[in-house]
């Protein structure tokens, strides 16, 4: 192993389930690894610290700020390469690097990073007054304000229900559409206030806008469709016995990951009437252990870790 000579303040960001993720990847010093969600490099730094001089870490991120941080802080490490883009394009990146089918481990750390949440200008949080943006890639696509300016009430209610599991989705959607007729909704605080007034039953200890903000963010960034695509690409990229580790932060993400791993563990499917025993169906993938959650000590030091779930799998052939 070699020490990383990088100008990084590791206190800027607390990576969730760090030791568990590293253990899940079963890192080999000369292996090839992918951090599909670089963020502010917490997991990436820890992976590099376990790699030898011939190891390699490929990283991706949608966020231009994350890319700029990586290029500044990791620039002196020849083992590190980063690509600006969604992990929905993971296969393209892996092909470009010439390591398709040779990757030893891939890590997805889903959700919004602390720097994104803490920056009012990004518009992710209802706790900070700022422009209503919510784009992970701020260089393209519709902002949340632009979406809310044109979306229909039915479309918005569907987004709040499907991506936020918001019980009062129709009521909140109606309130948002009525409010925009009076003035454009361009700030996080105004949207949060509209939702709070429309929400009839606040859950104790939870802001009434939590589910709605999550839903709009997921829709803006196509998070669930990107996740499904990224998981499929990961199987192609991994070598035999390569590890897949995914940290999710809400039930919609975790359900996709869980079902993906279950489906690929069950092996090829055949018509029900064929005389084939389940035991004879080859499996190309297996789950490693059960879902892992943060312990109380980690949650106390990093409250945003409380909803994290880590699932691990291994490619068999």
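The values are calculated or read from the model by the stated rules, or taken from the named source; none is laboratory data. All values derive from a computational prediction rather than experimental measurement. Note that each Cβ is placed from the backbone with ideal geometry, even for glycine, and that neighbours are counted across all protein chains shown.
Can you find, within segment 41-60, the residue that is surrounded by the fewest Cβ atoms within 10 Å (Cβ to Cβ) among those that are touching a residue at least 40 places away in the same chain (Cβ under 8 Å) and out of contact with any strand residue (DSSP E or B) (no Cβ under 7 Å at 6 or more places or on another chain)?
53
Report whether or not residue 259 is part of a helix (DSSP H, G or I) and either surrounded by fewer than 19 Cβ atoms within 10 Å (Cβ to Cβ) or modelled with pLDDT under 95 (or both). Write out each step before concluding.
Values: part of a helix (DSSP H, G or I): yes; either surrounded by fewer than 19 Cβ atoms within 10 Å (Cβ to Cβ) or modelled with pLDDT under 95 (or both): yes.
When the stated conditions are applied, residue 259 passes them.
State whether one or more residues within segment 67-78 are within 25 Å of residue 297 (Cα to Cα) and modelled with pLDDT of 95 or more.
no
Quickly run through segment 204-223 and pick out the residues that are surrounded by 19 or more Cβ atoms within 10 Å (Cβ to Cβ) and over 22 Å from the mean Cα position of the chain (by Cα).
208
Residues checked against (1) surrounded by fewer than 18 Cβ atoms within 10 Å (Cβ to Cβ); (2) at pLDDT 95 or above:
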{"residue": "92", "(1), (2)": "yes, yes"}
{"residue": "123", "(1), (2)": "no, no"}
{"residue": "134", "(1), (2)": "no, yes"}
{"residue": "148", "(1), (2)": "no, yes"}
{"residue": "160", "(1), (2)": "no, yes"}
{"residue": "169", "(1), (2)": "no, yes"}
{"residue": "202", "(1), (2)": "yes, no"}
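Only one of these conditions is not met by residue 242: (1) assigned to a helix (DSSP H, G or I); (2) in contact (Cβ under 8 Å) with a residue 24 or more places away in the chain; (3) crowded, with 22+ Cβ neighbours inside 10 Å. Which number is it?
All conditions are met except number (1).
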